[in-house]
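**Student:** Dumping the structure here so I can ask a few things about it.
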Amino acid sequence: KGEVIAQFADVLARHALGNFRELLREVTISPGMGIGLSSYGNRKYDPVTGQRPDENYAREIMQLFSIGLYELNRDGTPNRDGNPNTSPDPGEGRVPSYTQKDVVEFAKIMTGWDLAGVNPYGSDLRHGLDLTRSMEFHSDYHEDEIAEGGDGRAEILGVSVPLNAGADGSGLDAAIEVLVQHPNTG
């Protein structure tokens, strides 16, 4: 829809020359990303059905929007030896920037977000909605790990992030901070 494209263009224009952290957050909760990368209506783990949080956006925020597939040396060349301070590196291999475990953990952060004004949560009722508004956070659908007996934290790139961190209780800002602080992002 046109309003989704216009909203996304506004986000990019507003942050193009500004703070990457703010850009990444606003892109993450934009309705265009929610619809296009299946993050709207994402629910926490359900022990009855076995359904786990959707991992699509969690993978894309790392792979496409921030740290990329492989670690880089400080000069921007591929890191092949695990040391970002040496270059050129011998060999043909590359050091992955993240693992599948990082994707699973980041997916927990991406639960509880839905298009603004949708009722009930996760409904495919896009017609008649204001798709120029950022997605809204719903704590009832956000992963808390109670069903799994977990610790209430997501382990992303070796950093422990409380699932309920931040003013909105979503953990999103803390998870984005992990990506922003990653050497590939700098």
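**Student:** So if we plug the beta-carbon distance of LEU129 and THR185 into 1/(1 + (r/R0)^6) with R0 = 25 Å, what FRET efficiency do we get, rounded to 0.05?
**Tutor:** Computed FRET efficiency for LEU129 and THR185: 0.15.
**Student:** Another question, if that's okay. Find how much the distance from ILE146 to SER38 grows on full extension, using 0.36 nm per residue of separation minus their present alpha carbon separation; answer in nm with one decimal.
**Tutor:** Difference between extended and current length: 36.5 nm.
**Student:** Per residue of the range 141-157, what does 6.51 cos²θ - 1.76 cosθ + 1.60 with θ = phi - 60° give for ³J(HN,Hα)? Whole Hz please, x for Gly and Pro, Karplus curve as stated.
**Tutor:** Calculated HN-Hα couplings, in order: 9, 8, 4, 10, 6, 4, 5, 9, x, x, 9, x, 10, 10, 9, 10, 6 Hz.
**Student:** Please check: in the Gaussian network model of the chain (C-alpha springs, under 10 Å), which one of ASP102, ASP89, ASP173 has the largest mean-square fluctuation.
**Tutor:** Evaluated over the chain, the most mobile residue of the options is ASP89.
**Student:** Evaluate the relative contact order of the chain (contact order divided by residue number), counting alpha-carbon pairs under 8 angstrom at least 6 apart; express in whole percent.
**Tutor:** RCO, the chain: 24 percent.
**Student:** May I pose another question? If each of ASP81 and ASP10 carries a label point 7 Å out from its Cα toward its Cβ, how far apart are those two points in nm?
**Tutor:** In this crude spin-label approximation the distance works out to 5.1 nm.
**Student:** Where in the chain are the DSSP H helices whose C-alpha atoms run 18 Å or more along the long axis and whose mean Kyte hydropathy is at least 0.0?
**Tutor:** Answer set is 2-15.
**Student:** Given the convex hull over the Cα atoms of the chain, what projected area results after averaging over all orientations, in nm²?
**Tutor:** That works out to 11.9 nm².
**Student:** Express in whole angstrom the spacing between the alpha-carbon centres of the range 41-75 and the range 155-172.
**Tutor:** Centre-to-centre (Cα) distance: 14 Å.
**Student:** Mind jotting down a quarter of the surface of the convex hull over the alpha carbons of the range 1-96, in square nanometres, one decimal?
**Tutor:** 9.1
Read-outs: derived from the displayed coordinates by stated rules, not from any lab. Keep in mind the model is a prediction, meaning the values are calculated, not measured. Cβ: placed from backbone, ideal geometry, glycine included. Neighbour counts: every protein chain shown.
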